[in-house]
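Undergrad: Take this structure, written in structure tokens, and hold onto it; I'll ask about it next.
The values are calculated or read from the model by the stated rules, or taken from the named source; none is laboratory data. Values in this document were obtained by computation on a predicted structure and should not be read as measured data. Every residue, glycine as well, gets a Cβ built from its backbone with ideal geometry; the counts of neighbours run over all protein chains shown. Heavy atoms of the whole protein, side chains included, go into the accessibility calculation; ligands, DNA and RNA do not. Shrake-Rupley method; radii C 1.70, N 1.55, O 1.52, S 1.80 Å.
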Amino acid sequence: MNYLILCFASILAVSTGGCSSEPRIAQSVDTAKLLYSQAAIERLKKAIQQRNDQFDEDDKSNEYYSLPQGRAAYLMVYGPRSLQIKKQIEKSESWQNVTSGLSDKEKADNVHFIKTLGDAETIFYPIALNHGDMGYVNLNSRNAYLKDYSGSWVYSYSPPGEYSQANICAMFIYEEMPRQVLPASARNCIHYTDFLIDTNATIFTQRATEYSKFESFKKNTALNELIKLTQDFPGKPVYPEKMSVKVMEGLENEEREWEVRRQTYITEVLSKTERFKKFLHAAYQSVVAEKAPIDGEIDEFESYVERFISADAALRLKRGRSVMGGCSMDKRPITHAANIARLAGETCCMDIFLRAHLNILYDRFERISDGSYAEAGRQTYVRELELTGVNLQYLIPGTLLSSASLAQGHYSGVLDRAGRAISELEDRTKLYRAIESLITDEKLDYYNRIKMVFLARNYNQHLLLFERGEALNNLRKLQNMMKVFPEYIRNPLLSTLP
């Protein structure tokens, strides 16, 4: 099922337009807080500028169409009444008759919906503006995607199971709207995104994707021998079984100092020995030849490959494994993605660099468990993209725009993270003004305009934290912009604004 659609079905995902090839960069930047070295950023700037120069804003070879959408009434009912409602719908009874006696939590008289195409089904998603969680209707037919259901019922019914109640999700379709060609400002966003990020490129190699993240990793003798050699360095502190917090903190400081001395020794002495070179190259060849994921100090090993073989070789290894987080505070997936993006940036592997960095920006990682309390601490690192000259007024909207004709490998972003990222830009105002103009653009479909309202809302929620006056002024203007929407969309949207 489409990732972008699922994100929006419960929250919303978004797009917009506008263009600026040269970002306005602050006079002073704390490079110590950046993911990439200044040298890597300079190399990336040159590569990205070349692509920006080649990008043709007037290219009309690809047209992008809006998703099928329209206005409907919606119900979701659990329990014995579900079967009775199913029978009434099959008799084509009216919405009023079918829903008499249902509570407001079980129905909505007017909703906007989109229709998407799955592998063997057509799915109707109601857009939950202020109704809370909503279900969806799944018709087991691809042909239903092309059919106009105006004036008709669609429903999904599940009979009772051993551990579940019967339930029905149904929609009475008032009207399906004609498809619209997306305007040039939106088209250019999608076009630029696919121009900058090859839709056929993937971050991870086949080895990383064909093995379960839960299966046992394979021991590698050559790798373990190398790590044993590099860790044979005197002075490492020993932790007692019982200790006070003060003692533990002291030992941790000692271990950090020991690690600095060890790495200096490896760089200046050990790496120049024939024994180290032999062990390193043997381990590298052995790990590359493995078809299964490797157990052991793989991060440390990959750091030696980068320092003493090449950045290209290290990137090859890191693309051969994916990392799943254990919990909300597990930083390993972000660290792994940052290393891939950094190495891709160092080697100017642009497609990999942008996908890996956008995964960090949008927090697109798998975790066994995740809690919202950890989200604030996960940085977007959007300033790195701004510093490299990426046209963020096209790229961010281009990763969020919905269309029925997106390329298969088009990169899809996440609404809330996008709002936060835009608020952190040095040159945020121009992009936000473009969002405002698209909210009122009648050439753009309602679905994308609704999403841009949510993007603007999320942007201003983040902006309230440090530019309150600007954010409040934006929100007042946003309320006035709601006049362009029909009442069944406008009123619920207004209720979601802070």
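Undergrad: Charges on Cβ only, +1 for Lys and Arg, -1 for Asp and Glu, centred on the Cα centroid of the chain; of 496, 80, 357, which one is farthest towards the dipole's positive end?
TA: Value computed over the given set: 80.
Undergrad: Something else: Residue farthest toward the positive end of the dipole of the chain, with Cβ of Lys/Arg at +1 and Asp/Glu at -1: which of 289, 269, 135?
TA: 135
Undergrad: Based on the alpha carbon coordinates of the chain, what radius of gyration and maximum Cα-Cα distance (Dmax) apply, in Å?
TA: Rg then Dmax for the chain, in Å: 26.7, 85.
Undergrad: Mind ranking 465-472, 273-280, 400-407, 439-446 by how tightly packed they are, going by the mean number of other C-beta atoms within 10 angstrom, highest first?
TA: Put in order of decreasing packing, that is 400-407, 439-446, 273-280, 465-472.
Undergrad: Beta carbons within 10 angstrom, averaged per residue: use that to sort the peptides 95-105, 117-127, 64-74, highest first. Write down the numbers at each step before the final one.
TA: Details: 95-105: 12.6, 117-127: 18.3, 64-74: 21.9.
Highest to lowest by the protection proxy: 64-74, 117-127, 95-105.
Undergrad: Here's another thing I want to ask about it. Quick one: putting +1 on the C-beta of Lys and Arg, -1 on the C-beta of Asp and Glu, what dipole do you get for region 413-498 around its Cα centre, in Debye to the nearest 20? Can you show the working numbers first?
TA: Numbers: 14 positive and 11 negative charges, 29 e Å.
Using Cβ point charges on Lys, Arg, Asp and Glu, region 413-498 gives about 140 debye.
Undergrad: With θ set to phi - 60°, apply the Karplus curve 6.51 cos²θ - 1.76 cosθ + 1.60 along region 251-257 and write out the HN-Hα couplings as whole Hz, x wherever there is a Gly or Pro.
TA: Per-residue couplings from phi come out as 5, 5, 5, 4, 5, 5, 5 Hz.
Undergrad: Using the Cα centre as the reference, give the magnitude of the dipole from point charges on the C-beta atoms of the chain (Lys, Arg: +1; Asp, Glu: -1; all else neutral), rounded to the nearest 20 debye.
TA: Result for the chain is approximately 200 debye, rounded to the nearest 20.
Undergrad: Show 86, 430, 477 ordered by accessible area, largest first, where the area counts protein heavy atoms only and the probe is 1.4 Å. Present the calculation step by step, with values, prior to reporting the outcome.
TA: Values: 86 45, 430 105, 477 75 Å².
Per-residue accessible area, sorted high to low, gives 430, 477, 86.
Undergrad: Picking from 122, 99, 455, whose Cα lies most toward the positive end of the charge dipole for the chain (charges on Cβ: Lys, Arg +1; Asp, Glu -1)?
TA: 99
Undergrad: A further question follows. Averaged per residue, what accessible area in Å² does the chain show with a 1.4 Å probe, protein chains only?
TA: Computed with neighbouring chains in place, this is 49 Å² per residue.
Undergrad: Moving on to the next point. What residues have an amide H closer than 5 Å to that of residue 175, excluding those fewer than 5 places away on the same chain, when H is modeled at 1.01 Å from N in the peptide plane?
TA: Those qualifying (amide H under 5 Å, at least 5 residues apart or on another chain) are 71, 151.
Undergrad: Tell me, what is the FRET efficiency for residue 50 and residue 424 to the nearest 0.05, using R0 = 30 angstrom and their Cβ-Cβ distance as r?
TA: 0.70
Undergrad: Related question: How large, in percent, is the carbon and sulfur part of the accessible surface of the chain at a probe radius of 1.4 Å?
TA: For the chain, the apolar C and S fraction of the accessible surface comes to 49 percent.
Undergrad: Next question, about the same structure. Taking 0.36 nm per residue of sequence separation and subtracting the Cα-Cα distance, how much length would be gained by fully extending the chain between residue 249 and residue 152, in nm to one decimal? Spell out each step's value before the answer.
TA: On the way: separation 97, 0.36 × 97 = 34.92 nm, distance 6.83 nm.
Length gained, residue 249 through residue 152: 28.1 nm.
Undergrad: For region 31-122, what is the number of Lys pairs with C-alpha distance below 22 angstrom, counting only pairs 8 or more positions apart or on separate chains?
TA: Lysine pairs meeting both conditions in region 31-122 amount to 9.
Undergrad: Taking the Cβ-Cβ separation of residue 261 and residue 206 as r and a Förster radius of 41 Å, what is the calculated FRET efficiency to the nearest 0.05?
TA: On the way: r = 40 Å, r/R0 = 0.97.
It comes out at approximately 0.55.
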